[in-house]
Amino acid sequence: FDEHTGEAGLVTRLEAFMDTGTGGRIIPLASTRPQDQIIPGLRSEQKLIGFPTMGYLDVALRSALRHCGVEAVKTPSPSKTTVELGRELAPEFACFPLVVTLGQMRQVLEKGANVLLMVGGKGRCRLGWYAQIQEILLKKKGYNFRMAIIDSPVPLKTQWKGFRDTIKWLTNGASWPRFIKALSFGVYKLTALDKGEMLLQKMRAIETERGEADKIFKKYLLRLESCDTFTGVKKEWKYFQQEMAAIATTSTNPLHVFIVGEIWVVLEHFVNNYLEKFLGTHPHYRVHTHRDLYTSNWFKLHVLQNRKLKKREKYIHQAAKTYLTTKVGGHGLDTVGLTVLGKEEGMDGIIHVFPFTCMPEIVAQNILVKVSKELDIPVLTQIISEQTGEAGYQTRLEAFLDVLLERREYETKQQERGKTIVFSRY
Ligand code: SF4
């Protein structure tokens, strides 16, 4: 609802919604039980799996499936076409990730996929219902496929059966040892990709020739895609490190910027307008970007329940406590906690990105105003949608970096004079 909500339109929509019913027949609730999340029964054709991307998750997932003897279609990176395809079917106020992932689903279906794989969940945010909505929209458009929804296997009492059945079906009944080995390999590859990206962020800030580290990383990404053994991935990682170490570097004092916000927007470079690359390779600034959000971390934390990451999550939530004590869905609580930690961990500034209409991050955004003021840490919020213009976006980023540099300069001068730094007067 907003001030533009017209009565006639609202009534029409309600009536249309009622018409989608089945003439008074009650739809059995059992169809939404976790164990029924995939359409049961076997088909004669071979499975060809397709899925949307989130960072490099698709690369790892394809490898893991290949290890189980299941083929997957290569997901095209999001592009303008992807957004248009998604926008054509998505409801007007759907959050942006739903639009783009829907577009990617259409692309993989057009490439021959007959099974779509998507994450599910019943958290506080809309992601938990993406798959169901996307399935309805795509089938209405005439696509013929099966939707497989993977949800966290914990708590085991309620989740395990649905998780197990979906896995067994997807992998054509692969044995558990085979599946575990495939999964371990996927996670191993994903970790190698994310470690590579971390090193890339570091090298961008000190490379002499701008863009050199990016070229090396791009080749590393391609080589890893076709790597099918643990030894192969290890070898590639070592070779990549050597290549990075050979880059000519300059002594710089880069700005340290923390990227926080909605995970999918943070991880999808096309969607966030290549934020990190823009900052890291800008000809007039030296910026080292940092983040906690990596696909491998997300997977290890939410699916594998990794202890170290659980501890870090607790620490982040603890840091947020003064400003927010409860989960608000998505990564809203983490955004607040990471901003507080950003100050403690010596960041010059925080860039908060999230998709238009994202509920958890809107909550966080309002709280960040207070955090920024009280902790004296600059925060720039960027809300992303298909309307986000590149020029305006980049100008705001450059203006933000200028502020960070001026603060640095001021800080240095004050320290030289032995004075206390009070930025609020600045
Ligand atoms: S976190 Fe935000 S963008 Fe993602 S599903 Fe939830 S509301 Fe939508």
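The values are calculated or read from the model by the stated rules, or taken from the named source; none is laboratory data. Keep in mind it's a predicted model, so treat the numbers as computed, not measured. Using ideal geometry, Cβ is built from the backbone for each residue, glycine included, and neighbour counts are taken over all protein chains shown. For the accessible areas, the whole protein counts, side chains as well, though only heavy atoms, and no ligand, DNA or RNA atoms are used. Shrake-Rupley method; radii C 1.70, N 1.55, O 1.52, S 1.80 Å.
When you check Trp298 against the structure, is it closer than 25 Å to Pro153 by Cα, of a type outside the set (Lys, Arg) and out of contact with any Pro (no Cβ under 7 Å at 6 or more places or on another chain), yes or no? Don't jump to the end; show me each part of the working.
On the way: closer than 25 Å to Pro153 by Cα: yes; of a type outside the set (Lys, Arg): yes; out of contact with any Pro (no Cβ under 7 Å at 6 or more places or on another chain): yes.
It is true that Trp298 is closer than 25 Å to Pro153 by Cα, of a type outside the set (Lys, Arg) and out of contact with any Pro (no Cβ under 7 Å at 6 or more places or on another chain).
Which of the residues belonging to segment 119-177 are of a type in the set (A, V, I, L, M), open to solvent by less than 50 Å² (accessible area, probe 1.4 Å) and at pLDDT 90 or above? If you could, list the steps in order and put the result at the bottom.
Step one: list which residues in segment 119-177 are of a type in the set (A, V, I, L, M), which gives 119, 127, 131, 133, 136-138, 147-150, 154, 156, 167, 170, 174.
In the following step, the residues that additionally are open to solvent by less than 50 Å² (accessible area, probe 1.4 Å) were identified as 119, 131, 137-138, 147-150, 167, 170, 174.
Matches in segment 119-177: Ala131, Leu137, Leu138, Met147, Ala148, Ile149, Ile167, Leu170, Ala174.
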Selection within segment 98-121 - over 25 Å from Gly162 (Cα atoms) and within 12 Å of the ligand (Cβ to nearest atom) | Val99, Val100
Of (1) out of contact with any Pro (no Cβ under 7 Å at 6 or more places or on another chain); (2) of a type in the set (A, V, I, L, M); (3) more than 15 Å from the ligand (Cβ to nearest atom), Ala94 fails just (3)
Inside segment 319-334, can you point out the residues that are away from the ligand (no atom under 16 Å from the Cβ) and either closer than 9 Å to Val363 by Cβ or of a type outside the set (Phe, Trp, Tyr) (or both)?
-> Ala319, Ala320, Lys321, Thr322, Thr325
Scan (1) touching a residue at least 12 places away in the same chain (Cβ under 8 Å); (2) more than 11 Å from the ligand (Cβ to nearest atom) for the single condition Pro355 breaks and write down its number.
-> (2)
Using beta carbons and a limit of 9 Å, which pairs, at least six apart or on different chains, have the first residue in segment 361-383 and within 19 Å of Leu405 (Cβ to Cβ) and the second one among the charged types (D, E, K, R) and outside any helix (DSSP H, G or I)?
-> Ile377/Asp348; Pro378/Asp348
If you scan segment 322-366, which residues turn out to be out of contact with any Ser or Thr (no Cβ under 7 Å at 6 or more places or on another chain), part of a helix (DSSP H, G or I) and open to solvent by less than 30 Å² (accessible area, probe 1.4 Å)?
-> Gly332, Leu333, Asp334, Thr335, Val336, Gly337, Leu338, Thr339, Val340, Leu341, Gly342, Pro360
Filter segment 367-386 down to residues that are touching a Pro at 6+ places or on another chain (Cβ under 9 Å) and either more than 15 Å from the ligand (Cβ to nearest atom) or not in a strand (DSSP E or B) (or both), then give me how many there are.
-> 2
Result of the Cβ filter at 9 Å on segment 387-416, keeping first residues that are without any contact (Cβ under 8 Å) to a residue 60 or more places away in the chain and partners that are loosely packed, with under 11 Cβ neighbours inside 10 Å and part of a helix (DSSP H, G or I), at least 6 apart or interchain, is none
Please determine, by comparing only the residues of segment 186-227 that are hydroxyl-bearing (Ser, Thr, Tyr) and not in a helix (DSSP H, G or I), which one is most open to solvent (accessible area, probe 1.4 Å).
-> Ser226
Would it be correct to say that Gln318 is over 30 Å from Val99 (Cα atoms), open to solvent by 20 Å² or more (accessible area, probe 1.4 Å) and not β-branched (Val, Ile, Thr)?
-> yes
